[in-house]
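Everything below concerns the one structure shown next.
Nothing in this text is a laboratory measurement; each read-out follows from the coordinates by a stated rule. None of these values were measured; they are calculated from a predicted model. Every residue, glycine among them, receives a Cβ derived from its backbone with ideal geometry; neighbour counts consider all protein chains shown.
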Amino acid sequence: MGAYAEAYRRSLADPEGFWGEAAGLVDWTTPPTRVLDASEAPFHRWFPGGELNTCANALDRHVEAGHGDRTALIWDSAMVPAKRSHTYRELRDEVARVAGALASLGVRKGDRVVVYMPMVPEAVMTMLACARLGAVHSVVFGGFAPKELAARIEDAEPKVVVAASCGLEPNRIVAYQPILQEALKLSGHRPEHVLMLQRDAHPADLGQPGYVDWAAVVPSAEPAEPVPVASSDPLYILYTSGTTGRPKGVLRTAGGHAVALAWSMGAVYDVGAGDVWWTVSDVGWVVGHSYIVYAPLLVGATTVVYEGKPIGTPDAGAFWRIVEEYGVKTIFTAPTAFRAIKKVDPKAAELAKYDVSSLTALFLAGERLDPETYQWASDVLGVPVTDHWWQTETGWPIAANPRGLEPMPVKPGSATVPVPGWDVRIVDESGAPVEPGREGEIVIRLPLPPGALATLWGDDKRFVASYLSRHEGFYHTGDSGYLDEDGYLFVMGRIDDVINVAGHRLSTGAIEAALATHPAVAECAVIGVPDALKGQLPYGLVVLKSGVEVDKEELRAELVAAVRRDVGAVAAFRDVAVVPALPKTRSGKILRRTMRGIAADRPEPVPPTIEDPAVLDALTPLLRRPAE
Ligand code: COA
Ligand code: AMP
């Protein structure tokens, strides 16, 4: 039996033995008394009785082991432009001061802190500072509209919001303060303070009530020591799009998270102490949480934090410049980034200008990796390219090529094999297993391994209803796919109303809610349609109120503006069609899934309960060519 097969077998047959051993990868202030507590299933608790501090594991222990001079974080902003690096000692000391500043603002263990910052080192420091205090961070992506930020503030009820004054996009400066002020107005909760990092490009007005200047308090703050927390204490809340407009607060607990991430760095990514690792994403997404911030630091690697885009900042050589400049060993990003580079530089002429010999692997996730992009990336880079599949909820890969354990042969289009710890099954709608090669719902048998979501913040009921009640004893991923005869997993796409636009996860429900605010709209549906660059784009179908006369171009512009206002620019909403009616079942349910299937050219059954098949027939040509 190969190393992968043996690890996989053992992780499922003897999870306590397997994860008990992996627990040795982190330092515990109090060792766990047990590995797994299943007494309150389906709520499972990993490493009960254990106490640790995640920040101390990510920083202090490396300094104490004599590696304080090793580079922990390199920041490269193509936007300012600017560069800065921090050794482990420097980062520990700075994070201790940020933690001290937060403590001086009243932040204590268990308090929530909303972090609203772009890709600056201070965002990473703030997250680690929260972990140091045992406080719970909730990072909000900068591309969201005030309403989305407000929903998160209202749900997390932070004591403090830590913000930067602006984000930098290629075509504009995104002033954060007006967005934050608007969100605070909309939200029923008011934080006691806003700790504001001023950026030269667009400083904020610090005269607003409750505002505190980062530069005035952090440098002089009393450094805070790490506070041990229970393994099951919350480390962070990360809101993600569900099938309704209301985001779900994925709750990650401290112990399982540290163990799983440290284990994954070796077993999946083959990266360890001293390696230079670069995840090109955003701290606002789970990929950023796990693999920009926590995992690389937990194993003592160097993490590169990049503010910029793959193209246009200034050109399609941006990635290769960074690989050469910092000796990057491994890159992790979303396929869309490579599709963008391929589009403007198909012959990879920019790549030829740089020495990228340090690069040994590329990992891609966040959306489906199309075989063409896989092939192009493999050909131009000449290193193994790994597609792997995971979700905000799982926190780390469910299926991957486990390069550190045993590299497996690649099958383009497949995320390779289930990672140890994840008991992946394919079932039909009734929950019955389906045979290899047949597509069905991808589910995971409980217990989920360490590091997966523990619950939804403040809403155990919604956690059970969303993920655990569809098929008893299994976690419902919301994706469909199949396992082939060799046990390789092929992920085909979401079976619900979640879409993935340029690697950004969005709810079509939230976009529909924005469209519905328009006075001329009687009803609407939004579906994800394939896009050659962004993977998917939202496509809106609206039915107008009877008797309403509108200029279609004006209406389109107003609907696009409404989505930008209520969801954010990141929704990239541009395509909308006015239609006479929406296809529905006799009970009034809109046939989104069927329409999605037609747009993606996938055989999707038309329910027998369809009310008027002619409505769907009339829409079909439009769905096949939505952008034209
Ligand atoms: N703050 C504010 N606005 C943001 C933003 C942020 N952090 N990120 C994106 N936006 C805005 C963009 O400026 C753009 O606005 P515009 O409509 O005014 O032009 C809009 O949201 C859409 O952004 P995006 O879909 O990212 O398109 P893009 O044209 O800016 O860039 C890519 C295209 C492919 C280069 C870009 O999507 C990319 O780098 N993706 C990498 C994948 C990634 O990081 N995924 C995260 C999960 S792993
Ligand atoms: P997020 O929570 O933003 O990470 O988005 C998770 C969703 O992205 C998954 O449920 C999938 O639909 C999709 N996804 C992530 N990685 C992959 C992949 N490698 N292949 C196909 N889809 C993916």
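Summary of computed values
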| read-out | value |
| --- | --- |
| Dipole moment magnitude, nearest 20 debye, the range 410-464 about Cα centre, only Lys, Arg, Asp, Glu C-beta charged | 180 |
| Most positive-pole-ward Cα, THR302, ALA340, TRP320, against dipole of the range 295-362 from beta carbon charges | ALA340 |
| 5 angstrom amide H check on VAL271, placed H, neighbours 5+ away | GLY266 |
| Global size of the chain as Cα Rg and Dmax, reported in angstrom | 23.8, 75 |
| Estimated inter-spin distance, ARG34 and GLN198, nm [label 7 Å along Cα→Cβ] | 5.4 |
| Residues VAL139, VAL305, sorted so that the one with the fewest Cβ neighbours within 10 Å comes first | VAL305, VAL139 |
| Highest average packing first - 318-330, 403-415, Cβ atoms within 10 Å | 318-330, 403-415 |
| Cut-off under 5 Å, modelled amide H: who pairs with VAL576 long-range | GLY540 |
| Compactness of the range 86-227 as Cα Rg over 2.2 N^0.38 Å, two decimals | 0.97 |
| The range 498-627 - share of DSSP beta bridges that are antiparallel (%, nearest 5) | 80 |
| Whole-Hz ³J(HN,Hα) from phi, Karplus 6.51 cos²θ - 1.76 cosθ + 1.60, for the range 294-308, glycine and proline x | 6, 4, x, 6, 4, 9, x, 8, 9, 10, 9, 10, 10, 9, x |
| DSSP bridge pairs, the chain: antiparallel proportion in percent, nearest 5 | 60 |
| Extension gain from ALA349 to LEU206, taking 0.36 nm per residue of separation minus the Cα-Cα distance | 46.8 nm |
| Dipole moment magnitude, nearest 20 debye, the chain about Cα centre, only Lys, Arg, Asp, Glu C-beta charged | 620 |
| Which of TYR475, TYR482 has the fewest Cβ neighbours within 10 Å, and the rest in rising order | TYR482, TYR475 |
| Charged-residue dipole, Cβ positions (Lys, Arg, Asp, Glu), the range 86-227 about Cα centre, Debye nearest 20 | 220 |
| Gyration tensor (alpha-carbon) shape descriptor, the range 241-316, a/c threshold 1.5 | oblate |
| Rel. contact order, % - alpha carbon contacts under 8 angstrom, at least six apart, the chain | 12 |
| Cα-based convex hull, the range 498-627, per residue volume (Å³, whole number) | 105 |
| Positive-end extreme of charge dipole, the range 318-466 - chosen from SER430, ALA399, LEU448 (charges on Cβ) | ALA399 |
| Positive dipole terminus of the range 86-227, leading residue within ALA96, TYR176, CYS130 (C-beta point charges) | CYS130 |
| Kirkwood-based shape ratio for the range 553-627, expressed as Rg/Rh from alpha carbons | 1.02 |
| Peptides 268-276, 27-35, 111-119 ordered by average Cβ neighbours within 10 Å, highest first | 111-119, 268-276, 27-35 |
| Pairwise label distance in nanometres, GLU64 with ALA614, each label 7 Å out on the Cα-Cβ vector | 7.6 |
| Per-residue Cβ neighbour rank within 10 angstrom, fewest leading, GLU441, GLU16, GLU148 | GLU16, GLU441, GLU148 |
| For GLY134, residues with placed amide H under 5 Å, excluding near neighbours | VAL227 |
| Nearby lysines by direct alpha-carbon distance to LYS147 (threshold 23 angstrom, same-chain neighbours under 8 apart not counted) | LYS159, LYS185, LYS248 |
